[in-house]
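Below is one structure, written out as structure tokens; comments come after it.
Every read-out reported here was derived from the displayed coordinates using simple, explicitly stated rules and does not represent laboratory data. Just so we're clear, the structure is a prediction, and the values are computed from it rather than from any experiment. So basically every Cβ, Gly included, is an ideal-geometry build from the backbone, and we count neighbours across all protein chains shown.
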Amino acid sequence: MNATALAVALCLASAVAYAAAAVAQERLARRAVARSAAALLGNGAWWWSAGLNAAAALLHAAALRYGPLTLVQPLGALTLVAAVPLGARGAGRRVAATEWRGTLATVAGLGLLLLPASGPAPDDTLTLAEALAVSGATAAVITLLTRGDVRSGLRHATASGLASAAASALTQTVAVAGGRGGSLLSLRVVTVALLVVVFAVGGMLLSQRAYRGGLGAPLAVVNLSNPLAAAAIGMVLLGERLQGGALGVLLATAGALAAARGVLLLTRTSSGDRVADPVPATAAAAPAGRVAA
């Protein structure tokens, strides 16, 4: 099995685990079980979802050892394919036609982004200065997105996607550096590994808050902002490039537009769900805080 095929296989397994975790997080958020960080830590179901997230993250990290960011990140859209029907099943309803259209449009769009993204196994890694710069810039944007209206699920979903993208870029640095036989206790590797933990946990908590308004639209936004941000990091700092020249750019642009259309469809579906199945009053009264679910 070549490096690209292995990366894809690991991504598939990671997507299934992420989907199951997302459905569990959304159910907790809907029931307002996790109203604060303390409530999260005391809830067994949340720890189960955290374990699934951890397993998915390990599989994702392994994929990043064999595939470039521009290839691995768009495959996260498969999480959406699995999560939407799983979420509907858990809620005891059928998947709406608009949900299917939104899911397929998002996945098709990210698939078009994936076509010009295939490349060789990663070789370059972030320097310590670059890792710190990426971390600082990502933290600043997340702060801006999560200020003000804490009820904005899509803003928190975007922030979650950015945190996950940063964690993936940093993870690739640790995975590739370790795979070369370098020291895992060097200042760069240890610092980057700590930043990975910060962004991975932060992304999970941000997605937990985003799911209070439903699953489809926030998860679609996470799966859209994540690969786009990761691709930007890969192309600007790691020398990764879209394949196919002008045609590759055209495919990537068409993919981005299709994915955006899918997100809009899922947003409309989520709005309809909130009217038919409002969040309990206890959820509306949950204390505001960046770590609250």
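Each peptide in 192-199, 79-86, 215-222 was scored by the mean count of other Cβ atoms within 10 Å over its residues; highest first, the order is 215-222, 79-86, 192-199.
Between residue 194 and residue 127, the FRET efficiency from the beta-carbon distance, with R0 = 22 Å, is close to 0.85. One compactness figure for segment 60-104 is 1.49, namely its Cα radius of gyration divided by 2.2 N^0.38 Å.
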